[in-house]
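Laboratory data are not the source of any read-out in this text; all were calculated from the coordinates shown. These numbers were taken from a predicted model, which means no experiment stands behind them. Neighbour counts are summed over all protein chains in view; Cβ atoms, including those assigned to glycine, are modelled from backbone coordinates with ideal geometry.
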Amino acid sequence: MKMFRLNSFQARMIGWGILVGAIVMALNLIINLSSIDEQLERQLQARIHSIETAYQTVLVSPLAEHDYATLNDIAHTWQQTDELSYLVIFDTDNRTLVSIGVEPGAALPALDTAQANNRHVRFDIDSLGQVYGAVQYGISTTYLSSARDELILRNSVTALFGIFLFCILQIAISHHIVTPLLHLGKAAERIANGDYDIGLKETGLTELDHLSNHFSNMALSVSNKMSMLEWQAQHDALTQIYNRRAFENHAAELLADPSITDVTMLYIDLDQFKAINDSCGHAAGDELLTRIAHLLESRIENAFVARIGGDEFGAILTLDGTSFDVRKLAQDIIDDISRAHFIWDAQTYRIGASVGIASTTAIDTRSLKELMIAADTACFGAKEMGRNRIQVYLPNDEYFLQRREELRSVAQLDSALAEGRFVLYHQRLTLLSSDKPTHTEILLRVKNAEGKDEPPASFIHAAERYNLMPHIDRWVVEKTCQQIAQWQKEGREIPVERFGINVSGASLSDERFPDFVLAQIEASGVNPKQLCFEITESSAVSNLRPALHFIESVRRIGSTVALDDFGSGLSSFAYLKRFHADYLKVDGVFVNDIDSDLTNFSTVQAIVTLARAHQLHTVAEFVHSASILEVIRDLGVDYAQGFFLHRPEPLVTLGDAAPATPHLL
């Protein structure tokens, strides 16, 4: 192989260098001496930018997939080049994933500084706005000093020659070098604009042709990577069907098209999936979801099908000018899923599906958010009404009107929690043996837009349905303890012995709730004996194990427990012994008309007898008349509570003055 070829870039540059190189370098020294360092710095920055571009392309997938083996292989391959002195790859928490050329954990040099002929650079690896990690490396800058000396030398020699030869050089460079480089620059601009079909032609210069080929290969590689990323951004990684983002984008496009009047959305939620996922494991759950996804794609051929999240799928159709029966399609989906027996570890499982349907013609909207809420609400209704069925969203239907009102209530409750618009109230309990109010129950109100205190009936149902009760219960516990502590700090005499705090079933099922209660008591310095936690019988039975744990936790520190609404469930008497309660609060339905209903009279009488046998105190709620008070006193009830004795009032007023003894019979 010959050392030089006449048509090679290297040979031509040597020939031009012999003739005119010295002149060009001398002129450059005179004219551009001050800009040499800037030019070299720009070259270095260009190299740094090209390295960053390459790393961004290759590292984003293994970082996103936590493929650390591939990261390590890539890093070792790149670090073997002479220009990199070290290479470190971090995750999003700045933990070192790969460290080459420097000890893991060792302090890295400061960025953008030159130390020992090295430049230290760091940048984030991101894609589509998502950061997956970062890279720091050191790149050798030794060649900069050598290049600077060479430039000065050549420019000094160039000064001996004339402008004439410089013009010749410019013509030669323009014809043989600049033009191909300009083509590369334009190709780079097209790549930056997303056009990867650059189509570079051969120049006749061997080196530039090699560079063009590598540039074209790089563009093809980037194009393939971008296509893969675009596909991944639109598809669910597990089922390979469209994901929620693609679903919402497609739906938004249809809704934005004024020529399409009927956009119909199906919201499909699998029934009994959680049971299979919990009993068979996540591998079985993943397999089942994949099968259901393929089933839906094959069944709904004329729709856009996507996995919205978890075990929920969606389909969107345009029905303009068609007689397509979307209800029949939904029923076919339910039937297909019901017939799709799932076999795992030699066991056969069956699942169902609830389908909610919403269309723009029914709810008169072009809002994606409103359409999805309507379809989701309809699906929720299908589940509430028995599962494995269809529910069409009808905006004027009483059920959906109630759901919309609940959603508004949830939004108001969220803002009330954030803005501190909840208010603690209380209602006293009177000890009938002394006719003195010795206990009080903490109640809750919320201030509406007009500043009026709304009763719990206006928001408790929505709070329970949408799982806001744990947040509300924690707020009540915290604020009650703080209020008692404030009175004690001010030296006020508190006119009651105990404060009753209601605990919802959702909080009972929260394993962290007992620790939260104990922490609030300890932080406030409140005597635990001042607190009585009220648990409804139904929530205690449905959350038996956590309820027993909670009761044991609070009674261990001296607090008491009351079983609220006792007698409302079928298992009241069977579970009584296990709960170790201190008080039984008789369900108000038995007290409300005890003075006129013999059955209720007998029921309360039995509860009082049972409570005495278990050495429990009894409380009668809903005492709203003197006659009811007389009856429960005769039955031997220990405490009475109701509007006849005390109407609820803000808790802050309790510490103002000792309450007056109510007028009792």
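Scattering from the C-alpha atoms of segment 408-655 alone, worked out with Debye: what is log10 I(q)/I(0) at q = 0.09 1/Å?
Summing over Cα pairs of segment 408-655 leads to -0.38.
Multiply the residue gap between residue 47 and residue 302 by 0.36 nm, knock off their C-alpha separation, and tell me the result in nm, one decimal place. Provide the component values of the computation, followed by the final result.
Working: separation 255, 0.36 × 255 = 91.80 nm, distance 5.02 nm.
Extending this stretch completely gives an extra 86.8 nm.
Using a 7 Å offset from the Cα along the Cα-to-Cβ direction at both residue 290 and residue 345, what is the distance between the two label points in nm, to one decimal?
Label-label distance for residue 290 and residue 345, simple model: 1.9 nm.
Distance from the Cα centre of segment 615-630 to that of segment 41-99, in angstrom?
One Cα centre to the other: 76 Å.
Grab the Cα-Cα distance for residue 38 and residue 609, subtract it from 0.36 nm times how many residues apart they are, and report the gain in nm with one decimal.
195.9 nm
Per q in 0.16, 0.21 1/Å, what log10 I(q)/I(0) does a Debye calculation on the alpha-carbon atoms of segment 440-515 return?
With no solvent term, the Cα-only Debye profile gives -0.72, -1.05.
From the P(r) of segment 404-482, can you give the percent of Cα pairs sitting at distances over 21 Å? Walk me through the numbers on the way to the answer.
Details: 1030 of 3081 pairs.
Across segment 404-482, Cα pairs with separations above 21 Å total 33 percent.
Can you figure out the FRET efficiency of residue 625 with residue 548, using R₀ = 30 Å and their beta-carbon distance, to the nearest 0.05?
On the way: r = 37 Å, r/R0 = 1.24.
That pair, residue 625 with residue 548, gives E of 0.20.
Work out from phi, with θ = phi - 60° and the Karplus expression 6.51 cos²θ - 1.76 cosθ + 1.60, the ³J(HN,Hα) of each residue of segment 415-420, listed in order in whole Hz, and give x for Gly and Pro.
My calculation for segment 415-420 gives 5, 5, 5, 5, 9, x Hz in order.
Would you kindly state how much longer the chain becomes between residue 438 and residue 418 on full extension, computed as 0.36 nm times their sequence separation minus their alpha carbon distance, in nm to one decimal?
Values: separation 20, 0.36 × 20 = 7.20 nm, distance 3.34 nm.
Extra length from residue 438 to residue 418 when fully extended: 3.9 nm.
Take residue 272, project a point 7 Å from its Cα along the Cβ direction, then tell me which residues of segment 307-339 have their backbone nitrogen under 11 Å from it.
Under cut-off, by backbone N: 338-339.
Setting aside same-chain residues fewer than 8 positions from residue 274, which aspartates and glutamates have a Cα under 18 Å from its Cα?
286, 287, 311, 312, 345, 384
For segment 242-395, what percent of Cα pairs sit more than 20 Å apart? Kindly include the intermediate steps, with their values, before the conclusion.
Details: 5485 of 11781 pairs.
Result for the distance tail: 47 percent.
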